[in-house]
1. All but one of (1) in a loop (DSSP other than H, G, I, E, B); (2) surrounded by 21 or more Cβ atoms within 10 Å (Cβ to Cβ) hold for Ser126; state the number of the condition that does not hold.
2. In region 458-478, what residues are assigned to a strand (DSSP E or B) and of a type in the set (S, T, N, Q)?
3. For region 44-60, does any single residue satisfy the condition of being buried (at least 17 other Cβ atoms within 10 Å of the Cβ), touching a Lys or Arg at 6+ places or on another chain (Cβ under 9 Å), among the aliphatic types (A, V, I, L, M) and touching a residue at least 12 places away in the same chain (Cβ under 8 Å)?
4. Hey, among Thr624, Thr597, Thr616, Thr558, which residue is outside the structural domain of Arg641 (by TED's automatic domain parsing), of a type outside the set (Gly, Ala, Ser) and at pLDDT 95 or above?
5. May I ask you to verify whether Thr630 is closer than 30 Å to Val497 by Cα, hydroxyl-bearing (Ser, Thr, Tyr) and in the same structural domain as Ala669 (by TED's automatic domain parsing)?
6. Answer yes or no: is there a residue in region 632-639 that is surrounded by fewer than 21 Cβ atoms within 10 Å (Cβ to Cβ), within 60 Å of the chain's Cα centre (by Cα) and among the charged types (D, E, K, R).
7. Against the condition outside the structural domain of Gly436 (by TED's automatic domain parsing), touching a helix residue (DSSP H, G or I) at 6+ places or on another chain (Cβ under 8 Å) and over 16 Å from Gln695 (Cα atoms), how does Glu603 come out, does it pass?
8. Hey, can you tell me all the residues within region 324-345 that are in contact with a Leu (Cβ under 7 Å, 6 or more places away or on another chain) and of a type outside the set (S, T, N, Q)?
Amino acid sequence: MKGVVMKGLAAWLLVALTAAVVVAQDFYNSGVLNNHGALVIKRHLINQASGQINNTSTGTIRFTFSTGEFRNGNSNLSQIVNNGWFEFQGTDNRFTDLSSNPAGTTALGSACNFRVPGNMRYTATSGNQNVQARYYTNLEMAGASTKAIPDAVYVSGTYNVVSGSGDRTYTGTFYYDGTGNQTIFPETAAAGTTNRYNNLAIMTGSGACASGTSIKTIADNQSINLMGNFSSASGTTLQLEGQLFAVDVTASGPITINDPTPLTTFAELRSTGTATYGDNVTVTAGLFHVAGGTATVQSTATLSLANSTNAQLQLDNGTTLSIAGTLQNNLPARTNWNFDANSTLAFTATANGQTIPYTVNTNPFGNVQTSGGTKQTENGGDVYMAGNLTVQSDDITVASGQTWVMTNGSASVTYSGAGANSEIIGAMQRAISGVGAYTFNNAQTIVTFTAGTLPTTMTITDRPQTAPNNYDNTRDVNRKVTVAWAGSNNWTATFRVGYKQSDIPGTWNPNVNQGNLRFYESPSAGTPEKVATGNPYSRLTAAGPNLGYIELAGVQGTSGAVPNGLAYIASGNDLLLRGGPSIFYAINHGRWSNPGTWDEGVEPSPTDEVVIDGFTVHVGYVRTIDNYSTPEANPTQLAARVTIGSNPNSALLFGSTSGARTFSLNASATPPGELINNRAGTATISSGAPDTGNQPIDAGLVVYTTSGNEVTLQIPGDLTNASGATIHNFGTIEVGQ
């Protein structure tokens with residue numbers, strides 16, 4: 001009888017176990033183990049190279065020794081079948097190879113293609129149980145002990161925590177790496193270091209085992225608040241029906257945010273650190289939330305909101321959303337996104353043609369930055385923004401009929417770096433909150449309000465290489481700049497308008513150049529009127545790709561149609577940049593050489609025309625009316641034409657108190673310089689002595705001469721003295737050449 005028992009023990013590997021077996025020492029298996037019940041290992045299970053294990057659906061192989069090991073030497077994983085459970089009940093159980101090395105090639109779970117098969121459960125009931133970093137198929141936490149879950153735990157099937165399990169503490173990264181679809185177990189603690197994933201990664205296979213596509217789901221009404229970061233591998237879709245809160249996000253696979261019950265716990269993807277999305281993020285019902293740091297949608301990806309108020313996007317204070325790919329909102333009302341005024345939306349695509357979506361005034365962008373290639377706004381609406389604009393990209397083209405609207409009068413507009421000479425092509429509106437400078441469509445288009453009751457908004461529509469109203473290609477810059485505003489007309493401002501060399505046609509007349517460009521107010525119907533305020537123009541020559549500008553202080557608003565006074569412009573008209581000789585208007589009584597006499601704040605040049613109407617202008621000597629002693633810059637070629645108007649006190653006086661003088665209009669002008677006198681003067685002038693007083697003189701044309709101070713006036717072209725007009729000549733007037 002004793003011999004029979006000994007034979008039975010020697011052949012135990014061939015026996016199907018149907019009841020609990022207690023092994024006091026190591027369990028050596030070199031044969032076939034078919035387990036249908038509970039196999040309790042109180043030390044080590046040593047599965048030799050020839051050992052085969054078939055743990056059936058009713059079987060459990062349980063390790064109870066605190067450091068008990070499952071030592072495997074069989075390299076053929078198909079010969080280790082686990083349809084039941086492997087169960088670690090000790091505090092530090094491990095899978096190893098035959099030499100007790102957990103990294104050995106035959107150690108179960110040591111590689112993605114050598115996973116712990118079937119179902120694995122950690123069931124310690126007290127103390128702290130250390131979970132081994134392994135590649136698992138299905139993994140479960142049970143038992144009242146706390147569980148320490150280290151870095152590099154991979155689950156390709158189901159991960160579960162049963163009711164009554166002790167608290168879990170995660171370090172490193174926990175991976176869902178199944179090639180099939182998986183649901184992520186909802187560790188739901190919102191704070192602290194227990195029962196929260198640290199880092200969470202989803203993959204379709206790991207390392208050399210990665211292949212295909214899969215979907216990982218966070219279920220409806222479940223919230224996972226990571227202590228650390230989330231990542232997803234290419235081809236791995238996150239189906240977010242619940243909530244995922246992470247610090248950093250690195251998503252190489254697509255993400256779908258689709259809450260099946262949006263009226264309950266609203267689905268949300270929230271990041272607070274650095275988030276990078278390399279594949280599409282589609283929000284059907286839920287919230288894409290940048291709660292801190294920077295989120296980047298890479299050039300390969302689209303962030304898309306569905307046509308639903310439940311498809312939402314939110315940027316919090318101080319955050320940045322960088323779009324190198326595409327931002328798309330399919331809800332026409334655009335009320336489903338919210339940007340804090342201090343958040344930043346950056347459009348960074350390097351390729352030309354990136355689209356900037358339109359917004360609505362109730363849901364504007366915060367700060368906007370651009371870099372890379374050209375941008376264009378979306379058809380269908382205006383772009384509203386509440387923060388600062390920084391352009392470091394190529395040009396931004398505003399869709400036809402739409403406007404780029406800056407709603408905060410205190411916001412800044414900066415063109416810098418690669419965008420220093422870039423432009424917003426089209427309509428740009430700015431809220432006006434007080435006196436000061438407002439930059440518009442390029443770095444050199446600036447309106448500086450200096451006085452008056454300011455408008456509430458001003459809009460400049462700037463279109464390079466586009467013909468303005470009343471365009472003349474022999475003297476005009478080919479750029480259409482339209483100025484409009486809302487609110488008060490009673491304001492004064494300095495206008496600077498930028499342009500480029502590419503706006504200058506090759507058909508300009510020889511006497512037209514950038515140095516004599518001026519503003520003309522040009523209505524859609526009617527004749528342009530020069531804009532002159534008594535201040536001199538400032539100019540910067542455009543060269544190569546660099547912007548030039550012309551600038552004029554003292555421009556005023558009006559509601560009157562052209563002609564409306566030289567210093568005024570009316571809303572809706574173009575500011576035409578016109579070059580070549582100009583008409584100078586006297587605006588004060590004074591000497592010809594005095595800049596304050598003229599509407600442009602400088603002395604007329606030989607190629608300019610002059611109109612003296614209602615003012616007394618003297619040439620060649622000093623009158624106390626202005627005490628101006630600087631001589632005329634071009635006394636022998638004063639102007640191309642002079643017209644003396646018909647209003648009272650219209651007079652042009654030539655005289656000398658310092659010897660004989662000759663004055664002339666420009667003989668080289670085409671036609672030669674001419675003078676037209678329309679004033680029927682009422683003054684009585686009976687002496688050739690120059691009047692040096694401080695009163696206007698109503699006289700028309702006067703040429704004074706005294707002995708030793710003889711004056712000759714040469715008019716190389718025509719001299720016209722209108723009906724009833726008066727000429728008082730005491731010297732010499734030469735007409736013709």
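The values are calculated or read from the model by the stated rules, or taken from the named source; none is laboratory data. Being a predicted model, the structure only gives us computed values, none of them experimental. Here the Cβ is made from the backbone with ideal geometry for all residues, glycine too, and neighbour counts use every protein chain on show.
1. (2)
2. Going through region 458-478, the residues assigned to a strand (DSSP E or B) turn out to be 458-464, 476.
Within region 458-478, Thr459, Thr461 meet the criteria.
3. Of region 44-60, the ones buried (at least 17 other Cβ atoms within 10 Å of the Cβ) are 44-47, 51-55, 59-60.
Narrowing further to those that are touching a Lys or Arg at 6+ places or on another chain (Cβ under 9 Å): 44-47, 60.
Narrowing further to those that are among the aliphatic types (A, V, I, L, M): 45-46.
Restricting the remaining residues to those that are touching a residue at least 12 places away in the same chain (Cβ under 8 Å) gives 45-46.
Scanning region 44-60, I find at least one residue that is buried (at least 17 other Cβ atoms within 10 Å of the Cβ), touching a Lys or Arg at 6+ places or on another chain (Cβ under 9 Å), among the aliphatic types (A, V, I, L, M) and touching a residue at least 12 places away in the same chain (Cβ under 8 Å), so the answer is yes.
4. Numbers: Thr624 fails: outside the structural domain of Arg641 (by TED's automatic domain parsing); Thr597 fails: outside the structural domain of Arg641 (by TED's automatic domain parsing); Thr616 fails: outside the structural domain of Arg641 (by TED's automatic domain parsing).
Going through Thr624, Thr597, Thr616, Thr558 in turn, just one is outside the structural domain of Arg641 (by TED's automatic domain parsing), of a type outside the set (Gly, Ala, Ser) and at pLDDT 95 or above: Thr558.
5. On the way: closer than 30 Å to Val497 by Cα: no; hydroxyl-bearing (Ser, Thr, Tyr): yes; in the same structural domain as Ala669 (by TED's automatic domain parsing): yes.
The answer is no for Thr630.
6. Yes, some residue in region 632-639 is surrounded by fewer than 21 Cβ atoms within 10 Å (Cβ to Cβ), within 60 Å of the chain's Cα centre (by Cα) and among the charged types (D, E, K, R).
7. On the way: outside the structural domain of Gly436 (by TED's automatic domain parsing): yes; touching a helix residue (DSSP H, G or I) at 6+ places or on another chain (Cβ under 8 Å): yes; over 16 Å from Gln695 (Cα atoms): yes.
Answer is yes for this residue.
8. Correct list: Leu327, Leu331, Trp337, Phe339, Asp340, Leu345.
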